[in-house]
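Reviewing the structure listed below.
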């Protein structure tokens, strides 16, 4: 099978900015021979109805992510830091604009 | 919690399972098979209507049909993209389709004999697809559910352009009205078959419901489709080809006749009117495109080498 898929194009992740002022958001992936082709395919595939004003493409191999198993190590510590939130602090109702 | 507990907990809370989460092997296999079959259906589904692009009667209809068939290619690619998050490889999935090792929806094995078929496919086939697909937007596997949201938004255009096309033909000549009735007669029953075998004969349904991949049973969705279609047929002025079709006030639903499941099984097994042609066409497209894919890959390799 490895011989059969010798010419398989690499996978790219696609991010689209829906309009000015918003972040690019991940919308899916596609196959392309190189970055330039990936951009063109992303335009055809993910923005056929004015869904975006800007596109990023990134080789899927280049994406590094935290895994589900890392969840505690990465995210649990923020659970006990309630003092990072404004509602942690009691302020009398009589104090305006705070 | 271990992986299995997290998986069960995610389903219980009606949250989405994401690609890197632990999942049972059966869930992964079912998901890959279902997404691949769905993707293949979109890709093969380009053919029946694609055949009419060059023969569409006006530039407006041609542009609409072109956009619709392009959407179907897009839907196939959204779905292959979702399948790849589970470790499937889209080149491999295409080979499985071409070699007949994976299936696609039996509806696309029927021929499109007249331009009215383009309208009826939009109205009934895409209408049935929407009934099936809207609940899949809440399917438990995140990438599949997200792909379905995009797809459903676009399917609505497909159904409306079909119905509008039929309304135009129905206000035309007697021959055009007869064409619409004929296409309705041919596509009605195959459309009902799109929901799959009756619940009692659908052994995998219970597991898919438990995993929240499926949200409604085949018969439930089929009934919903019949109830939706009856007033649409009346408004259009066509007769649905089922003498047993009538409103049942006790049930609050329409009763309808027995589906020819022998025909359904025959078409699934590969003996439908167009099975051979559909696969041959897909195989030819793959083979004819091979040199382009190789050339593009070689060009990219050469350029990245030159940059180093």
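FYI, it's all coordinate maths here, none of it is from the lab. The structure presented is a predicted model; accordingly, all values stated were derived computationally and were not measured. So basically every Cβ, Gly included, is an ideal-geometry build from the backbone, and we count neighbours across all protein chains shown.
List of remarks:
- Residue-level check: of (1) in contact (Cβ under 8 Å) with a residue 12 or more places away in the chain; (2) over 20 Å from residue B:194 (Cα atoms), residue B:252 misses just (1).
- At least 1 residues being more than 10 Å from chain A (Cβ to nearest Cβ), under 30 Å from residue A:70 (Cβ atoms) and in contact with a helix residue (DSSP H, G or I) (Cβ under 9 Å, 6 or more places away or on another chain) is the threshold, and among the helices (runs of 4 or more DSSP H) wholly inside the stretch B:18-93 those reaching it are B:25-44, B:59-84.
- Exclusive hit being without any contact (Cβ under 8 Å) to a residue 60 or more places away in the chain, out of contact with any strand residue (DSSP E or B) (no Cβ under 8 Å at 6 or more places or on another chain) and either under 30 Å from residue B:293 (Cα atoms) or within 14 Å of chain B (Cβ to nearest Cβ) (or both), set A:8, A:51, A:36: A:36
- Within the stretch B:111-120, none of the residues are within 12 Å of the chain's Cα centre (by Cα), assigned to a helix (DSSP H, G or I) and within 20 Å of residue B:278 (Cβ to Cβ).
- Each residue in the stretch B:253-293 was checked for being touching a helix residue (DSSP H, G or I) at 6+ places or on another chain (Cβ under 7 Å) and over 15 Å from residue B:100 (Cβ atoms), and 7 of them qualify.
- Sole exception among (1) buried (at least 18 other Cβ atoms within 10 Å of the Cβ); (2) within 14 Å of chain A (Cβ to nearest Cβ); (3) touching a helix residue (DSSP H, G or I) at 6+ places or on another chain (Cβ under 7 Å) for residue B:7, by number: (3)
- Taken over the stretch B:153-177, residues that are surrounded by fewer than 17 Cβ atoms within 10 Å (Cβ to Cβ) and closer than 21 Å to residue B:85 by Cβ amount to 1.
- Filtered by the rule that a residue be within 14 Å of chain A (Cβ to nearest Cβ), surrounded by fewer than 20 Cβ atoms within 10 Å (Cβ to Cβ) and either within 26 Å of residue B:231 (Cα to Cα) or in contact (Cβ under 8 Å) with a residue 40 or more places away in the chain (or both), the stretch B:127-149 gives B:142, B:145, B:146.
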